[in-house]
Amino acid sequence: MDMVENNMKTKPLDKSKEINSVPLLQLDELSVYYGENHAVKNVSMPIEENKVTAFIGPSGCGKSTLLRTINRMNDQISIARYEGNIEYEGLNLLEKNIDVVALRKEIGMVFQEPNPFPKPIKENITHALKFMGMKKKDMEEVVENSLKQAAIWDEVKDRLKSSALSLSGGQQQRLCIARALALKPRVLLLDEPTSALDPISSAKVEDLIIELKKHYTIVIVTHNMEQAARISDNTAFMYNGDLVEFGNTSQLFTNPKEKRTEDYISGKFS
Amino acid sequence: MNRRITNKLATIVFVLCAAIMSITLVYLLGYILTSGLSYVDMDFLTSNSSSFQEGGGIKNQLWNSFYILVVTMIFSVPLGVLGGIYLAEYAKPGKLTNVIRTSVEVLSSLPSIVVGMFGLLVFVQYAGLGYSIIAGALALTVFNLPIIVRVTEDSLRAIPVKQKNASLALGITHWHTVKTVLVPAAFPGILTGVLLSAGRVFGEAAALLFTAGLSTRNLDFGTWDPFDSTSPLNPFRSAETLSVHIWKVNSQGIMPDLDAIANGSAAVLIIFVLIFNVTARVIGNMIFNKITGSK
């Protein structure tokens, strides 16, 4: 509740910023196909820097597919194919010759179900750092900083060597966020990061997201409309692969332009 | 009412099946061990076998069993593990992959005596290896490889895909993910499979009859030059293993104490196979705990 009020109060300030900001990512006529299935249809929208952009919509509407296209995780699926553009730093991320390994370092991802490696807590963070060839002595600092940034340092600092699987679900999810942050990404993609968590853990992750947007651009897929309303600046409502409406979150929730958006947010269908 | 009876009945059937299996196993083990162990002592394990007189041992046969096992594993583990990784992680679904997978399945269901005949033709005669440890180990590789491929592929596929995604999403290459996330997570499963297959290889007789041969020279355990014909390490000498020895003593033996020798050998064989099985479980669990950091 508090959060919604806060958002309201700071709204005029936010708006003035919005006009000046250039989108970090620009989706342009983006289509994703799984074989014959046209899962995402001609979606165009900006993703603004240091803002939280939420994708909402009923199950199967293509919002997770859209998210997983941004860091090319859909490449895993052999029948997936793309059309259109995702412009980032003057590049089209869907280009065949994009180095997806480098791309995923800049655009990190956290999944629906917490997926720490079944390794000690610390090694969860250092796993990717080792691959990048970071020196051991530099790692200590990164481990501490990223765990602090993910607001989990105080809970784990005395047991960095115990298994990540011994943590609670909410702690595991924050560890996964810390793991992504350790690579100093510019964008964080969150795929329903709280849907497997209890309300208290969810609230902690939400607080964390609001804190993180100061330094990162965040895109979050969520089932939970209250969550989208609480934490996001912009919201995209998707239905059947179409982007029905995109806009400022408070405007979209209080005064939607499209009938389908209104029906969805008022709970007429889900 | 009816459902409760069905439920009870199902439980009884399952318990019964489990009981039949365990009782058979215990009876079999008990029978082999009680009839064989009385003959097993240091002298039996450390003396040469005899063809006519009483009191032969199994020193060379025991050594041969282990040596062939080690050589077989050197051939089949790297090949099988890499093949399993290929099938689980790299093979694209399609005709070629189906052909490979079917071949592996067919290979694993070949009767071992047929593998032995194949070994006789290809390794012993065509390749000119003669009855030798190396020919025996190659035949056993044919027979063991599909098991290791299968175990590796299954262990890799059993890892939740979210683990792989976690690593890929961190900007880590596929190969590094395979090496540092998937294979370590699959390792306990792979190791358990390898050790269980070692038990099978150790006890195999039919595939060795025509490849490693039925006789063994009295070995000189002071000679470690692998090219010396009396050296235990010579891979080109014929080598009768423990299980082949049991078969031979039982079917062609003329020594007066042949029952005792066969029973004693069977007991030793069973004990080692049991050791392989138990070690497989214990080490598998130990390594799993070590990798995951749990106690």
Hits in the stretch B:79-117 (condition: farther than 23 Å from B:Leu138 by Cβ, touching a residue at least 60 places away in the same chain (Cβ under 8 Å) and surrounded by fewer than 19 Cβ atoms within 10 Å (Cβ to Cβ)): B:Glu89
Selection count where residues are touching a Ser or Thr at 6+ places or on another chain (Cβ under 9 Å), open to solvent by 10 Å² or more (accessible area, probe 1.4 Å) and within 14 Å of chain A (Cβ to nearest Cβ), scope the stretch B:184-218: 4
Criterion violated by B:Ile159 - all others in (1) assigned to a loop (DSSP other than H, G, I, E, B); (2) at the interface with another protein chain (Cβ under 8 Å from one of its Cβ atoms); (3) not acidic (Asp, Glu) satisfied: (2)
So A:Ser78, is it touching a Lys or Arg at 6+ places or on another chain (Cβ under 9 Å) and open to solvent by 30 Å² or more (accessible area, probe 1.4 Å): yes
Conditions (1) without any contact (Cβ under 8 Å) to a residue 24 or more places away in the chain; (2) in a helix (DSSP H, G or I); (3) surrounded by 19 or more Cβ atoms within 10 Å (Cβ to Cβ): number failed by A:Glu245: (2)
Residue identified as over 18 Å from the mean Cα position of the chain (by Cα) and either open to solvent by 70 Å² or more (accessible area, probe 1.4 Å) or not small (Gly, Ala, Ser) (or both) among A:Leu160, A:Leu181: A:Leu160
Test: residue in the stretch B:222-239 that is open to solvent by 50 Å² or more (accessible area, probe 1.4 Å), of a type in the set (Phe, Trp, Tyr) and at pLDDT 90 or above: yes
Test: A:Glu49 is more than 14 Å from chain B (Cβ to nearest Cβ), open to solvent by 60 Å² or more (accessible area, probe 1.4 Å) and within 15 Å of the chain's Cα centre (by Cα): yes
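More than 30 Å from B:Tyr131 (Cα to Cα) and either at pLDDT 90 or above or of a type in the set (Asp, Glu) (or both): does that describe B:Leu9?
yes
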Hits in the stretch B:246-276 - residues which are part of a helix (DSSP H, G or I), loosely packed, with under 15 Cβ neighbours inside 10 Å and either within 13 Å of the chain's Cα centre (by Cα) or in contact (Cβ under 8 Å) with a residue 24 or more places away in the chain (or both): B:Leu274, B:Ile275
Checking B:Tyr67 against (1) free of Cβ contacts under 8 Å to residues at least 24 places away in the same chain; (2) surrounded by 12 or more Cβ atoms within 10 Å (Cβ to Cβ), the condition it does not meet: (1)
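The values are calculated or read from the model by the stated rules, or taken from the named source; none is laboratory data. Bear in mind the structure is a predicted one, so any value in this text is a computation, not a measurement. Cβ: placed from backbone, ideal geometry, glycine included. Neighbour counts: every protein chain shown. These area figures cover heavy atoms from the full protein model, side chains too; ligands, DNA and RNA do not enter into them. Shrake-Rupley method; radii C 1.70, N 1.55, O 1.52, S 1.80 Å.
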